[in-house]
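Contents: one structure, followed by commentary.
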Amino acid sequence: MPDMAGKVVLVTGGARGQGAEEVRRLAGRGAHAIAGDVRAADAAELAGSVEGPGSASAIALDVAAEDSWRQAAEEIRARFGRLDGLVNNAGVAAAGTVSGTSFETWRDVMRVNLDGVFLGLKHCCPLIADSGGGAVANIGSGVALVGYHTAAYAASKWGVRSLTRSAALEFAHRGVRVNAVHPGLVETPMTTSNPAQFDAMVQATPWGRAADVGEIAEVVLFLLSDAAGFITGADIPVDGGFASGGLAKRIAESTGALTSPPG
C-alpha cells in the first residue's frame, strides 16, 4: 500500500468521479490532497468530507486557462511551500468521428484534455522540482493505445502520451517523474448512462467487466509514491486487457477459440 504521508498533491478535476476518489485515497494515505476544479464549491465540499490521517483542501482551477494555472501554482507555493505530486485528471469526452466532429468540439476537447495537461506540466513540474522532486500522473485513456473512432477524444489522449514522454525527459535531471495511466472502461454514472455502449465495451474487455474508480486510483497513488522511484516516461494500461486485443477477443469468442472470461 503506497505511503503518501506528508506529501502535497494537486488533483485536477478533483471535485467528482475519478478525481474525487484520488483525493479521498491520497488523504487516506496521509497526504494533503488539493482538489483543483472549475466547480470550486463542489471541490470545497469534497475536501471537507475526506477522512484522514491526511487532509484535503480545494482550489479553483480552470485547466484550459493559463492564468488559472499561474494563480494556482502561486497559491500552492504560498500556502504549502511545496508540491510533491500532480495528477492531471481533468478531461472531457466527445464521441464524434472525424466527419461528425465540428471544429468547435475539436477545440473544446483539446483545450481541456491536451492544453490542460501541457499547462499543468509547464506550471507544476518546476514547483515539484523546487520542492526536492516528486511525480506526475497524467490520466490518458485506453483509446490512446489502440485505433479508435472518437476523433477528438482519441487524438487528445494520444497527445497526452507524447507530452508525458517529453516532460519525463525534460525533468528527469530535476527529480520529477512523469508517467501516464490509461484506464479502460470504468464504471461511472457517465459510462453507464448508455447501456448499449457500456455492454459493448464490456464485451471488448478480455477481463469481462469494467473497472471501478478505486482500481484506477490505486495505480495513480503507486506512481506518485516513492515505491515507483525508477518509473518515468511510462504508459501504464489499467484496462482489463482492452489494449491487448479487445476486437480479437470478440472474434475469437464468436468462433469458439476462447472460453468466456471470468465474470
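The values are calculated or read from the model by the stated rules, or taken from the named source; none is laboratory data. Treat the numbers as computed from the prediction; the structure is a model and nothing was measured. When we count neighbours, we look across all protein chains shown, and the Cβ atoms used for this are built from the backbone with ideal geometry, even at glycine.
Residues satisfying the criterion are absent from segment 152-166 (criterion: out of contact with any His (no Cβ under 6 Å at 6 or more places or on another chain), of a type outside the set (S, T, N, Q) and surrounded by fewer than 16 Cβ atoms within 10 Å (Cβ to Cβ)).
For segment 136-149, filtering for residues that are of a type in the set (A, V, I, L, M) and more than 13 Å from the chain's Cα centre (by Cα) leaves 3.
Which one of 112, 117 is in a helix (DSSP H, G or I), crowded, with 23+ Cβ neighbours inside 10 Å and either at negative phi or out of contact with any Lys or Arg (no Cβ under 9 Å at 6 or more places or on another chain) (or both)? 117 is the lone residue from the list that is in a helix (DSSP H, G or I), crowded, with 23+ Cβ neighbours inside 10 Å and either at negative phi or out of contact with any Lys or Arg (no Cβ under 9 Å at 6 or more places or on another chain) (or both). Among the residues making up segment 167-185, those that are of a type outside the set (Asp, Glu), touching a residue at least 12 places away in the same chain (Cβ under 8 Å) and assigned to a helix (DSSP H, G or I) are 167, 168, 169, 171, 172, 174. Pairs linking a residue in segment 60-81 that is farther than 21 Å from residue 132 by Cα to a residue that is of a type in the set (Lys, Arg) and assigned to a helix (DSSP H, G or I), with Cβ atoms under 7 Å and 6 or more positions apart or on different chains, are 64/111. Scanning segment 219-240 for residues that are in a strand (DSSP E or B), among the β-branched types (Val, Ile, Thr) and out of contact with any Pro (no Cβ under 8 Å at 6 or more places or on another chain) gives a single hit, 236. Restricting the first member to segment 84-98 and to residues that are within 16 Å of residue 39 (Cβ to Cβ), and the second to residues that are part of a loop (DSSP other than H, G, I, E, B), the beta-carbon pairs closer than 6 Å and six or more apart or on different chains are 89/13; 90/13; 90/63.
Within this structure, residue 140 passes the test of being at pLDDT 95 or above, closer than 16 Å to residue 93 by Cβ and touching a strand residue (DSSP E or B) at 6+ places or on another chain (Cβ under 9 Å). Within segment 186-210, the set of residues being under 24 Å from residue 20 (Cα atoms) and assigned to a loop (DSSP other than H, G, I, E, B) comprises 187, 188, 193, 194, 209, 210.
Annotation: of all residues in segment 232-256 being in contact with a strand residue (DSSP E or B) (Cβ under 6 Å, 6 or more places away or on another chain) and at pLDDT 95 or above, the one that is nearest to residue 85 (Cα to Cα) is 232.
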